[in-house]
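The values are calculated or read from the model by the stated rules, or taken from the named source; none is laboratory data. Worth saying up front: this structure is predicted, and the values here are computed from it rather than measured. Please note: Cβ atoms are built from the backbone with ideal geometry, for glycine as well, and neighbour counts cover all protein chains shown. Just the protein is used for accessible areas: all its heavy atoms, side chains included, with ligands, DNA and RNA removed. Shrake-Rupley method; radii C 1.70, N 1.55, O 1.52, S 1.80 Å.
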Amino acid sequence: MLELQHISFAAADGDTNKEILDDVSLTVSERFVAITGPNGSGKSTLAKIIAGILTPTEGKILFNGEDITGLSVTERARKGISYAFQQPVRFKGLTVKDLVSLAAGRHITVSEACNYLSEVGLCARDYIDREVNASLSGGELKRIEIATVLARGTELSVFDEPEAGIDLWSFQNLISVFEKMHARTQGSILIISHQERILNIADKIVVIAGGKVSKVGTKEEVLPGLLAGRICPALEN
Amino acid sequence: MDELEKMLLVQIADLHKVPDGAYNIRKNGEADGRRSTPHIRIEQRKDKKSGIDIFISSETQGESVHIPVVITETDYRETVYNDFYVEDGADVLIIAGCGIHNCGQATSEHSGVHTFHVGKNAKVKYVEKHYASGDGNGENVMNPTTDIRLAEGARLEMETTQIKGVDSTVRTTRAQLAAGAELVIREKIYTHGKQFAKTDFSVALDGEGAGADVVSRSVAAQSSRQEFYLRIDGNGKCHGHSECDAIIMDDANVVAIPALAANSVDAELIHEAAIGKIAGEQLLKLMTLGLTEQEAEEQIIKGFLS
Ligand SMILES: Nc1ncnc2c1ncn2[C@@H]1O[C@H](COP(=O)(O)OP(=O)(O)OP(=O)(O)O)[C@@H](O)[C@H]1O
Ligand SMILES: [Mg+2]
């Protein structure tokens with residue numbers, strides 16, 4: 001179980017500090033927890049704080065009761081936290097198989113690597129030896145990113161807008177990827193998403209707006225207000 | 001043993017394998033075995049210089065020649081001249097490599113001068129690997145010079161790798177391409193400690209429709225230094241591309257000096273150069289997979305140079 005207590009984050013913005021997250025508290029213990037909210041509201045920042053890529057200016061992070069606020073990215077990964085980037089990283093020279101092997105944390109056979117790729121809808125034979133470089137399309141890269149988190153199969157997996165760039169046809173498959181993954185890991189899956197179909201499978205939805213938690217609840221409690229309020233939140237500011 | 005060292009072992013293991021086909025093994029300046037085949041003839045040079053002539057006949061199709069050089073003595077210096085005569089239409093794989101193991105205090109040095117006379121429409125793949133080791137304080141020096149002359153429609157692909165242990169190297173490559181000839185060069189260099197590596201490539205695209213693609217990838221670690229001079233001259237309708245992509249670490253220093261000379265309005269020449277440290281987000285991504293920062297660095301370098 002993941003617990004965020006009073007997390008704030010400020011980034012230097014010129015001479016001043018820009019408050020990006022302001023006193024965010026939430027727990028993730030359910031099967032699927034979705035975070036949603038307007039662009040720029042701080043969702044990815046929160047995901048990076050969970051993974052250890054960013055250090056909060058204030059607050060504490062507990063994982064299974066242990067304070068992990070001071071732990072490095074590597075240490076958190078080894079404790080069972082995985083993070084699929086919103087914008088996956090490209091590597092010159094590393095192949096898809098290399099990356100999936102590194103994710104699995106051991107040498108894996110070609111057929112094992114292929115299984116993970118097939119699960120995310122990539123015809124494995126065509127991809128296994130490709131370099132994870134600029135020649136991959138955005139959607140392909142995104143699927144490979146998801147496959148690295150599948151290969152880890154940790155207790156907590158954070159996906160940052162996994163559906164972005166994924167074609168409509170594959171959408172239902174993406175949801176079943178999460179369901180299968182949960183069946184295997186019995187852990188929690190935290191999904192940052194703007195997509196109603198993904199919010200629909202969530203046991204809990206957290207809405208972040210302007211760096212604060214503006215609403216938490218089941219989809220029945222949160223979704224109606226969210227859709228009604230969609231008229232044009234951007235124009236309010 | 002780290003990942004990088006494992007990769008190195010693969011490098012030398014290749015060098016120590018007993019070769020099939022034609023070969024000439026040179027050890028501390030002496031011939032240590034030679035075999036010619038019906039299509040590939042290896043002979044001592046006719047002039048006073050040390051080295052061999054290799055004659056590859058038109059009938060050669062998909063055969064290989066291995067010409068490894070091994071030096072295990074300290075304070076040993078040699079310059080060797082090997083000339084390859086590849087007849088029209090031949091198709092051959094040439095594997096050269098130099099391994100120096102210098103346990104002494106003095107310098108060991110190998111300068112290999114390889115000249116390729118490649119006939120019309122012939123195809124050559126030339127693989128060159130340089131490796132050195134030793135536990136003394138002696139320096140290992142290798143200065144390979146490659147002179148490539150491609151006749152009409154010939155193609156030469158050169159893969160040159162220097163991964164570890166060579167303290168000082170100046171790698172000089174000259175090429176002249178006739179009409180429709182094609183040259184592909186892939187260079188990989190890793191330097192560390194106080195090593196110095198200089199690459200000096202100069203390609204003349206003389207004939208109509210000649211093409212060259214020269215790519216150098218390198219990693220400079222610790223306080224090593226690297227210099228790259230890549231020059232392409234387009235003397236007619238031709239296309240040339242050169243690229244220098246370097247990862248710099250610690251206190252290393254990399255200089256890349258590209259030159260393109262177009263002597264014809266139909267010459268299409270491109271150069272790309274990038275020098276920079278390992279991208280922080282690459283390290284972070286691998287760390288989220290459970291690797292330490294150092295393991296992540298090793299994997300990124302290994303991938304980059306493989
Ligand atoms: N290093 C930084 N310096 C200054 N501002 C930053 C920095 N990093 C993020 N921000 C700002 O913080 C805010 C939150 O960014 P974040 O990426 O967390 O948003 P998000 O909710 O994930 O948005 P999206 O839905 O577009 O992915 C944005 O306004 C962004 O511009
Ligand atoms: Mg985001």
Classify region B:3-279: rounded, prolate or oblate, from the alpha-carbon gyration tensor (a ≥ b ≥ c, eigenvalue square roots; a/c under 1.5 rounded; otherwise prolate if a/b is larger than b/c)?
oblate
Mean accessible area per residue over the protein assembly as shown (1.4 angstrom probe, all protein chains present, square angstrom) is 43
Unit-weight point scatterers at every alpha-carbon of chain A, Debye formula, q = 0.07, 0.08, 0.15 1/Å: log10 I(q)/I(0) is -0.23, -0.30, -1.06
Which residue fluctuates the most in chain A, going by a Gaussian network model with Cα springs under 10 Å, if the choices are A:G121, A:G80, A:G14?
A:G14
Rounded to the nearest 100 Å², what is the buried accessible area between A and B, both sides summed, probe 1.4 Å?
1800
Taking all protein chains in place and a 1.4 Å probe, what share, in percent, of the accessible surface of chain A do carbon and sulfur account for?
50
At least 10 Å² of accessible area lost relative to the chain alone, listed for region A:64-85 with a 1.4 Å probe:
A:V73, A:T74, A:A77, A:R78, A:Y83, A:F85
Give me, ordered by chain and number, the residues 5 or more places off B:G112 or on other chains with an amide H under 5 Å from its own placed amide H.
B:V80, B:N143, B:T145
Close Lys-Lys pairs in region B:91-210, where close means Cα under 29 Å and separation is 8 or more or interchain:
15
Please list, in order along region B:231-240, the HN-Hα scalar couplings obtained from phi with the Karplus expression 6.51 cos²θ - 1.76 cosθ + 1.60 (θ = phi - 60°), rounded to whole Hz, x for Gly and Pro.
10, 10, 10, x, 9, x, 6, 7, 9, x
Antiparallel DSSP beta bridges within the protein assembly as shown, as percent of all bridges there, nearest 5
15
Could you list, in their original order, any pairs among A:K48/A:K142; A:K18/A:K92; A:K48/A:K79; A:K48/A:K215 whose Cα atoms are separated by more than 26 Å?
A:K18/A:K92
With the full set of protein chains in place, find how many percent of the accessible area of chain B is carbon and sulfur; take the probe as 1.4 Å.
47
Per-residue Cβ counts within 10 Å, from other chains only, averaged over A:87-95: what number is that?
6
